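Student: Structure incoming, see below.
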Amino acid sequence: MLLTNELIHFFAAGSFALIGLFAAVQAIRSYSFPAPRQSVKTLPDLQTPAFLFDQDTLVDASPSGAALIANSQAGQSDRDAVIAVLSRQFPNLREKILSLGTDCSVALAGTGDAGLGLTLSDRQGLLRISLNAPGVEAATRHYEDLERESLLDELNMLRLITRDTPQLIWTEDAQGHLIWANAAYLSYADRQMPDDDRSGRVWPGERLFADIPPPLPNDPRTFGGRHALQLPGERAEHWFDITAVPQDGSVIYFAIDANAAVRAERAQQEFQQTLAKTFAQLSTGLAIFNRKRQLAMFNPALLDMTGLAFGFMSTRPTIDMVLHRLRETRKLPEPKNYNTWKEQFSAL
């Protein structure tokens, strides 16, 4: 009788386990899993420009859309590049994007006469920007116009920058012949010519900076240095910090005015020389340390008083090194705790 009861309990427990497993399987089968987000991160093969963004990151773009922003500025986000290209036809595009709600869609009309339209849509936090125009030929023509206008805008901006910048910019070929120069360079080239030789001058034939060594062939490294330019009739030299960047068989040069830096360095050297002459006449030993606690200047009286060698002092030792050398030569009174005394001295 006891064995029968145990068998009954065993079969009952097994039945409940099977029922629970069956219910779990049915629940899994009946559950509808959500579609993965990755499925909305791709665009179909569209003929019209379309872009898909996750915040400022471009997730996908149609071939014609990628062509529109192919020449975007360095450091510009992809979304800003799209807005810059389309802002001519859609001036309030940025505001519309910022005000677009979640899982919403809005259509915008272009300001031109070609009937260009734009659709903004948000889906699961992803922003889609798509252009459309009536007719395939009209759309293709208008998209080409947009790309051309974007390139022209960039070209005009670069022309304004190179025209108005005070920086001298010019290009030379592999033989050192001038290929192109901006207005600042041509201004100095014109000033370099004597007054009686300026008539009929159209293009400078000689290098403005003759002392710049020609670049090595096939050398992609950027190099530069400081060079002086002496103009006729002027006593003062004009100093420039010049950087050369090789580019596909030619070299682009950038020259920045360095007159202020040269004058400051010369003034500092003259001031130091004046101080050195003044300190050299003092009978009091003097040592000056910079912010890094390295020796910057000393006078002969210090050497006479301490017995420190000139060779040691010329290496610009630190305060700790000078104190240690004075301690070794017994020129300092021995304190009770030298390390504590040295830390207090260095903390002044």
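The values are calculated or read from the model by the stated rules, or taken from the named source; none is laboratory data. Since we're looking at a predicted model, the values are computed, not measured. Every residue, glycine as well, gets a Cβ built from its backbone with ideal geometry; the counts of neighbours run over all protein chains shown. Surface accessibility is based on the protein's heavy atoms, side chains included, excluding ligands, DNA and RNA. Shrake-Rupley method; radii C 1.70, N 1.55, O 1.52, S 1.80 Å.
Student: Check which residues have an amide H placed less than 5 Å from VAL59's amide H, if you skip close sequence neighbours.
Tutor: Answer set, sorted by chain and number: LEU52, PHE53, ASP54.
Student: Roughly how many Å² of ARG316 are accessible to a 1.4 Å probe, to the nearest 10?
Tutor: Per-residue accessible area (ARG316): approximately 120 Å².
Student: Considering amide H positions built from the backbone, and no H for Pro or chain starts, which residues 5 or more places from ARG123, or on another chain, come under 5 Å of its amide H?
Tutor: ASP103, ARG128
Student: Could I ask something else about it? Need the full-extension length gain, LYS292 to GLN230, defined as separation in residues times 0.36 nm minus the C-alpha distance. One decimal, nm.
Tutor: My answer for the length gained is 18.5 nm.
Student: Using a 1.4 Å probe on the protein heavy atoms only, what accessible surface does MET157 show? Give it in Å² to the nearest 10.
Tutor: Per-residue accessible area (MET157): approximately 70 Å².
Student: Next question. Ordering SER283, SER250 by how much accessible area each has at a 1.4 Å probe, largest first, what is the list?
Tutor: SER283, SER250
Student: In the stretch 214-348, if the dipole is taken from +1 on Lys/Arg beta carbons and -1 on Asp/Glu beta carbons about the Cα centre, which of PHE312, LEU275, LEU229 is farthest to the positive end?
Tutor: Toward the positive end, the furthest listed residue is PHE312.
Student: Using θ = phi - 60° and the Karplus curve 6.51 cos²θ - 1.76 cosθ + 1.60, what whole-Hz ³J(HN,Hα) does each residue of the stretch 333-348 get, with Gly and Pro shown as x?
Tutor: x, 6, x, 5, 10, 5, 5, 5, 5, 5, 5, 5, 5, 5, 7, 4
Student: Between SER250 and GLU154, what FRET efficiency follows from the Cβ-Cβ distance if R0 is 22 Å, with the result rounded to 0.05?
Tutor: Approximately 0.60, to the nearest 0.05.
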